[in-house]
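These notes concern the structure reproduced below.
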Amino acid sequence: MSKTTTIFKITALAEIAGKVIKWGGTVLVAYFSKEAVLGLSGKTTITDISIEFLRLGRSNLIVYLILLLLLMYARSQYMARRAIVRRMGARIKKLETLLDPNRSSSELTETGDTRPEDT
């Protein structure tokens, strides 16, 4: 068995394991969320009171502040991803060419975005 075949098999197994972990975790979160909601059903709780507090609009400032913080976090993650793709792009392209010199390019931009003429 060649070195390349072994690498491809390990990569395939890692991808499968990643998907099992991702979707298994999603199923577990859904299951435990259902159990938590069923445990609270029919009871007046602090959660119910806090939801009512936000619904009445007494503290829209807090809601907008949380929204702003989440948007800032999302933007920072987006920019970090682009920086990482830009930094690693040349290395990845070199390694892919070593594996297969005839490999065609996806012609994405250096930040991993779709080419403007393709949109």
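Just so it is clear, none of the values below were taken in a lab; they were calculated from the coordinates. Given the structure is predicted, the values throughout are model-derived calculations rather than measurements. Here Cβ is always computed from backbone atoms with ideal geometry, including for glycine, and neighbour counts include all displayed protein chains.
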* **Contour minus Cα-Cα distance for R75 and L99 (0.36 nm per residue)** => 5.2 nm
* Against the globular-protein guess of 2.2 N^0.38 Å, express the Cα radius of gyration of the range 1-43 as a ratio, rounded to two decimals. => 2.04
* Tell me, what ³J(HN,Hα) does each residue in the range 6-23 have, in order and in whole Hz, if you take phi through Karplus 6.51 cos²θ - 1.76 cosθ + 1.60 with θ = phi - 60° and put x for Gly and Pro? -> 4, 4, 5, 5, 5, 4, 4, 5, 5, 5, 5, 4, x, 5, 4, 5, 4, 6
* Residue by residue, what Karplus-based ³J(HN,Hα) values in Hz, rounded to whole numbers, does the range 107-119 have, using 6.51, -1.76 and 1.60 with θ = phi - 60° and x for Gly and Pro? -> 6, 6, 5, 5, 9, x, 8, 5, 4, x, 6, 8, 9
* Using a simple charge model, +1 on the beta-carbon of Lys and Arg, -1 on the beta-carbon of Asp and Glu, nothing else, what dipole does the range 1-43 show about its Cα centre, in debye to the nearest 20? -> 60
* Asked: Tell me, what ³J(HN,Hα) does each residue in the range 74-87 have, in order and in whole Hz, if you take phi through Karplus 6.51 cos²θ - 1.76 cosθ + 1.60 with θ = phi - 60° and put x for Gly and Pro?
  -> 4, 5, 5, 5, 4, 5, 5, 4, 5, 5, 5, 4, 5, 5
